[in-house]
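The values are calculated or read from the model by the stated rules, or taken from the named source; none is laboratory data. Everything quoted here is computed from the prediction, not taken from an experiment. Here Cβ is always computed from backbone atoms with ideal geometry, including for glycine, and neighbour counts include all displayed protein chains. Note: accessible area is taken over every heavy atom of the protein model, side chains too, but ligands, DNA and RNA are not part of it. Shrake-Rupley method; radii C 1.70, N 1.55, O 1.52, S 1.80 Å.
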Amino acid sequence: MTVAEERTAEGLIPGERTGGILGREYRALTLGVVSVVLLVAFEATAVSTAMPIAARDLHGLGLYAFGFSGYFTTSLLAMVVSGQWCDRSGPLAPLTAGIAAFAAGLVVSGTAAAMSTFVLGRAVQGFGGGLVIVALYVVVGRAYPERLRPSVMASFSASWVVPSIVGPLVSGTVTEQLGWRWVFLAIPALVVLPLAVMLPALRRTVAAPGSQAAGPRPGMDGRRIWLAVALAVGAVLLQYAGQDLRPVSALPALAGAALLVPAARRLLPPGTFRAARGLPTVVLMRGLAAGTFAAAETFIPLMLVTQRGLSATMAGLSLAGGGLTWALGSYVQARPRYEPVRERLVRIGMALSAAAIAAVPLTLDHAVPVWIVAVAWCLAGLGMGMVISTLTVLMMRMSRPQDAGTNSAALQVSDALANVVLVAAAGTVFAALGGGSPAPSATAGATAAVTAHPAAFAAVFLPAAVLALVAAAVAARLRGGGQPAAARPGKAV
């Protein structure tokens, strides 16, 4: 075996230097991809702050939820498209197109004169975001050797820390002083930096010997695209049904399930829903981890406002520590000493998340100090940082080069799908048990009127904690399974 062959067998691309992700060989590419993640992270935190004002000014409060679901629906579709596009021609084209669509959607929303146009812009933005996130994962898998991938994922997590802390504050200030439109219109200007820094380095990497998968390039699979459309439409119908508890809502719920379940079974790797060892369990675990965390996090601010009288600002700050510890958890998993025990890191992380979610409803008892929530969410963030980054590294390790895009898309689809299903389920249970929201007359800093029964919150947090604990047990099946194939349409899961 030649030296070049030995280096390729070790996961090192020919000509690669032994430095880290900020070494001379990878510095430009790393700065570029991290800039993209920073862009997405800041948008996610800033836009959420400006959305209520935008909907009010555009007289579109009735379409407020579609500003979020429109983004989610098109991103689900784009994830599948991006996976196939990356496998066919590499990540450069979908990444560039995704960033452009992301920026274009922001401009459409920022200049909208009606709420329907605003929602259209969010849909365009979501399609771009779906293209970008899958392409970024493929970039990491192709451009970096296996030993550096944990560090890249840790840098992705760290990129969310500053936006999660300062994003709402900056967005709120801009909205109050300049208007909500500038929150949307200012972000596209930031697109120039990641494109200028990243694209030249990415072109060199894609063109490098050994960077592309051997063999013929697969074509776009039209059937998978239609399955992705069915998945997205089914998710929207379930969301709509979960927000409206009238008997007639059973019809869209049944229609949504009829579309979503078969599509998910064929888009995710075979064996995902029975936790087959290896890649299927990696994909399943990503959904369980993200979904349980999101279901709990969605209701924490509402609980703190309605049950403990915190202002909206203080309730939001109670979650800020989770962003810091998420980055810490991702940093921990990147240490080389943990490489042989990655599956154990996932089990520990899910156990930490389960314990944190279970601790949150303790504050429904007014004798329990409210700062328990902030401490618990720091614990949850630590666990999630370990889990999410580790699962991504495992997915890359288990994927054949020609399936990297498809499997990256499956991981993201599992994440997004679990988010909407578990959050919708939690919202339905919450509403059925007398859930509500702060009274309209409540003002920031004042004690909000209690309009939700404490049992409604407990019914959200405790099942999420149990499911996270179940996921910790399922993590034992991450090891093994050989070299799994990518998901294939038509094959039962």
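Per-structure values
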item	result
Complete set of residues in segment 66-123 that are basic (K, R) and within 16 Å of A44 (Cα to Cα)	R122
Count of residues meeting criterion [more than 30 Å from E339 (Cα to Cα) and either buried (at least 17 other Cβ atoms within 10 Å of the Cβ) or more than 22 Å from the chain's Cα centre (by Cα) (or both)] in segment 147-168	2
Selection from segment 311-327 of residues that are more than 19 Å from the chain's Cα centre (by Cα), aliphatic (A, V, I, L, M) and either more than 21 Å from A41 (Cβ to Cβ) or open to solvent by 10 Å² or more (accessible area, probe 1.4 Å) (or both)	A312, M314, L317
Residue in segment 374-388 that is farther than 26 Å from F42 by Cβ and at pLDDT below 90 present	no
Test result for G172, more than 22 Å from the chain's Cα centre (by Cα), part of a loop (DSSP other than H, G, I, E, B) and either in contact (Cβ under 8 Å) with a residue 24 or more places away in the chain or over 11 Å from V33 (Cα atoms) (or both)	no
Those residues of segment 147-167 which are part of a helix (DSSP H, G or I), closer than 20 Å to V132 by Cβ and among the hydrophobic types (A, V, I, L, M, F, W, C), in sequence order	V152, M153, A154, F156, A158, V161, V162
Those residues of segment 291-312 which are over 20 Å from V421 (Cα atoms) and of a type in the set (A, V, I, L, M, F, W, C), in sequence order	M303, L304, V305, L310, A312
Residue within segment 223-243 that is open to solvent by 20 Å² or more (accessible area, probe 1.4 Å) and closer than 30 Å to R342 by Cα present	no
Every residue from segment 365-414 that is surrounded by fewer than 19 Cβ atoms within 10 Å (Cβ to Cβ) and not in a helix (DSSP H, G or I)	D365, H366, A367, V368, P369, V370, R400
Search result, residues across segment 230-241 that are at pLDDT below 85 and of a type in the set (V, I, T)	V236
Cβ pairs under 8 Å, 6+ apart, first in segment 141-158 and touching a residue at least 12 places away in the same chain (Cβ under 8 Å) and on the phi < 0 side of the Ramachandran plot, second of a type in the set (D, E, K, R) and open to solvent by less than 30 Å² (accessible area, probe 1.4 Å)	P145/E16
Residue match in segment 290-310 (condition: surrounded by 24 or more Cβ atoms within 10 Å (Cβ to Cβ), more than 26 Å from G434 (Cα to Cα) and within 16 Å of the chain's Cα centre (by Cα))	no
Residue within segment 118-136 that is modelled with pLDDT under 80, surrounded by 22 or more Cβ atoms within 10 Å (Cβ to Cβ) and more than 23 Å from A55 (Cβ to Cβ) present	no
Single match in L422, L462, L467 (criterion: at pLDDT 80 or above and either open to solvent by less than 40 Å² (accessible area, probe 1.4 Å) or farther than 21 Å from L362 by Cα (or both))	L422
R347 open to solvent by 20 Å² or more (accessible area, probe 1.4 Å), of a type outside the set (S, T, Y) and out of contact with any Gly (no Cβ under 7 Å at 6 or more places or on another chain)	yes
Residue in segment 329-336 that is under 29 Å from L267 (Cα atoms) and surrounded by 18 or more Cβ atoms within 10 Å (Cβ to Cβ) present	yes
